[in-house]
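Novice: Got a structure for you, questions after.
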Amino acid sequence: MGTAAKAMTGVAVFAAGVAVAMALRPDAQVSKDADTGQPAATPAAWSVPDIDALPDDPWGRTVRHGRDLIAQTAAAIGPEVADPARRLSGNNLNCQSCHLQAGTQQFGLPLVGVFADFPQYRGRSGRVNTIEDRVNGCMTRSMNGKALPEGGKDMVAIVAYLKFLSSGRPVGAPTEGRGSVKLADLARAADPVRGKAVYAQHCAVCHGSDGAGQRAGKAGDAKGYTYPPLWGADSYNNGAGMGRVTTAAGFIRSNMPLGTGWQAPVLSEEQAFDVAAYINSQPRPQRAGLERDYPRLEEKPVDAPYGPYADDFSSEQHRFGPFGPMRNPAKSSAKP
């Protein structure tokens with residue numbers, strides 16, 4: 001995305017992300033100045049434990065293997081690796097395409113603090129999930145692949161890395177800087193047509209006018225992408241978290257063009273929503289069985305891009321908004 005995004009090395013907008021899909025908890029809310037709309041104050045100091053300080057012992061090697069799986073997913077378990085048995089991810093993205101800097105970047109959908117949240121009830125499954133369930137949710141949606149065997153070397157390493165990133169975090173305590181900066185609902189629907197112009201100006205230079213991204217090497221070499229695809233066969237499927245416009249918009253606003261921080265975003269909130277709508281209106285892999293998500297439909301997010309729904313608002317409004325009438329139906333008759 002744009003000139004500033006040239007600094008990005010394999011951690012671009014994943015759906016711009018953007019999977020969604022793939023925050024491990026809802027977006028964080030940051031207080032904003034009433035006049036500027038910008039964050040009013042920096043959250044608590046952001047700190048990440050030093051992985052290089054770990055000893056070269058079984059624990060340290062396991063944690064570092066987990067980090068490598070997050071940072072170099074395509075090279076480790078992607079669809080182009082030499083060993084067919086290791087082809088567990090269904091696309092050539094890296095987990096850090098969404099969870100920036102191997103899950104350590106503040107408001108870049110970080111993984112810091114995630115371990116301390118689990119087990120956790122999740123509406124999408126309608127049950128209490130383990131941390132392994134959550135990892136496999138990303139594997140089958142954002143990575144469009146297969147579930148990792150529980151107890152296997154890769155799952156153990158990823159969970160170890162998540163535990164390491166949560167070092168010192170009390171169970172149930174909030175982690176400032178998680179998710180991405182939460183945006184207020186637009187008064188109008190997010191507009192893919194307007195978003196196409198934003199994409200052309202800020203995103204296409206890295207992700208391509210066709211959304212196909214830029215390979216780190218060549219097709220078939222398992223090196224993944226320098227700038228990941230945002231749609232098409234090698235992107236996240238329609239069940240990923242980044243498929244939700246509000247999730248994608250918050251991520252884009254907080255982090256894109258990469259090199260831009262959440263404290264001084266380049267795109268306006270309207271631009272972030274519009275470009276998220278444009279990206280998520282493009283073709284991508286389709287996940288079977290999405291109708292089984294959210295067994296309690298009243299728990300389904302208003303911007304879930306697939307039905308069924310507990311209300312009679314249109315599918316189009318659930319995809320792009322406006323979301324306010326759906327959040328407060330008693331105060332609005334603005335149904336399509």
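The values are calculated or read from the model by the stated rules, or taken from the named source; none is laboratory data. In this text, all values refer to a predicted model and were calculated from it rather than measured experimentally. As a convention, Cβ positions derive from the backbone with ideal geometry for all residues, glycine included, and neighbour counts pool all protein chains shown.
Novice: Picking from A204, A233, which residue would you name as being more than 23 Å from A272 (Cβ to Cβ), of a type outside the set (F, W, Y) and modelled with pLDDT of 95 or more? Working first, answer last.
Specialist: Numbers: A204 fails: more than 23 Å from A272 (Cβ to Cβ).
Just a single option satisfies the conditions, and that option is A233.
Novice: What residue, of A157, A200, A116, A190, is in a loop (DSSP other than H, G, I, E, B) and of a type outside the set (S, T, Y)?
Specialist: Working: A157 fails: in a loop (DSSP other than H, G, I, E, B); A200 fails: in a loop (DSSP other than H, G, I, E, B); A116 fails: in a loop (DSSP other than H, G, I, E, B).
Testing whether each residue is in a loop (DSSP other than H, G, I, E, B) and of a type outside the set (S, T, Y) leaves just A190.
Novice: Oh, and also: Taking the criterion of being assigned to a loop (DSSP other than H, G, I, E, B) and over 30 Å from E269 (Cβ atoms), would at least one residue in segment 173-181 satisfy it? Break it down into steps so the answer makes sense when it comes.
Specialist: Within segment 173-181, the first condition is being assigned to a loop (DSSP other than H, G, I, E, B), and the residues that meet it are 173-180.
Restricting the remaining residues to those that are over 30 Å from E269 (Cβ atoms) gives none.
No, segment 173-181 contains no residue that is assigned to a loop (DSSP other than H, G, I, E, B) and over 30 Å from E269 (Cβ atoms).
Novice: OK, next. From the residues in segment 236-262 that are closer than 17 Å to C203 by Cα and of a type in the set (V, I, T), which one is surrounded by the fewest Cβ atoms within 10 Å (Cβ to Cβ)?
Specialist: Filtering segment 236-262 for residues that are closer than 17 Å to C203 by Cα and of a type in the set (V, I, T), the one surrounded by the fewest Cβ atoms within 10 Å (Cβ to Cβ) comes out as T260.
Novice: Hey, any hits in segment 279-302 for a residue that's outside the structural domain of G208 (by TED's automatic domain parsing) and aromatic (F, W, Y)?
Specialist: Checking segment 279-302: at least one residue is outside the structural domain of G208 (by TED's automatic domain parsing) and aromatic (F, W, Y).
Novice: Could you tell me how many of the residues in segment 266-284 are part of a loop (DSSP other than H, G, I, E, B) and either touching a Ser or Thr at 6+ places or on another chain (Cβ under 7 Å) or crowded, with 22+ Cβ neighbours inside 10 Å (or both)?
Specialist: Of segment 266-284, the ones part of a loop (DSSP other than H, G, I, E, B) are 266-268, 281-284.
Applying the additional criterion that residues be either touching a Ser or Thr at 6+ places or on another chain (Cβ under 7 Å) or crowded, with 22+ Cβ neighbours inside 10 Å (or both) yields 266-267, 284.
Residues in segment 266-284 being part of a loop (DSSP other than H, G, I, E, B) and either touching a Ser or Thr at 6+ places or on another chain (Cβ under 7 Å) or crowded, with 22+ Cβ neighbours inside 10 Å (or both): 3 in total.
For (1) hydrophobic (A, V, I, L, M, F, W, C); (2) outside any helix (DSSP H, G or I); (3) closer than 11 Å to G224 by Cα; (4) not assigned by TED's automatic domain parsing to the domain that holds G239, each residue gets a yes or a no:
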position: G60; (1), (2), (3), (4): no, no, no, yes
position: V63; (1), (2), (3), (4): yes, no, no, yes
position: A82; (1), (2), (3), (4): yes, yes, no, yes
position: G90; (1), (2), (3), (4): no, yes, no, yes
position: Q96; (1), (2), (3), (4): no, no, no, yes
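Novice: Which residues, counting only those in segment 140-163, are under 24 Å from L290 (Cα atoms), among the charged types (D, E, K, R) and surrounded by fewer than 22 Cβ atoms within 10 Å (Cβ to Cβ)?
Specialist: K146, E150
Novice: Confirm whether A19 is assigned by TED's automatic domain parsing to the domain that holds W231, farther than 16 Å from N144 by Cβ and at pLDDT below 60. Spell out the reasoning first.
Specialist: Values: assigned by TED's automatic domain parsing to the domain that holds W231: yes; farther than 16 Å from N144 by Cβ: no; at pLDDT below 60: yes.
No; evaluated as a whole, the condition is false for this residue.
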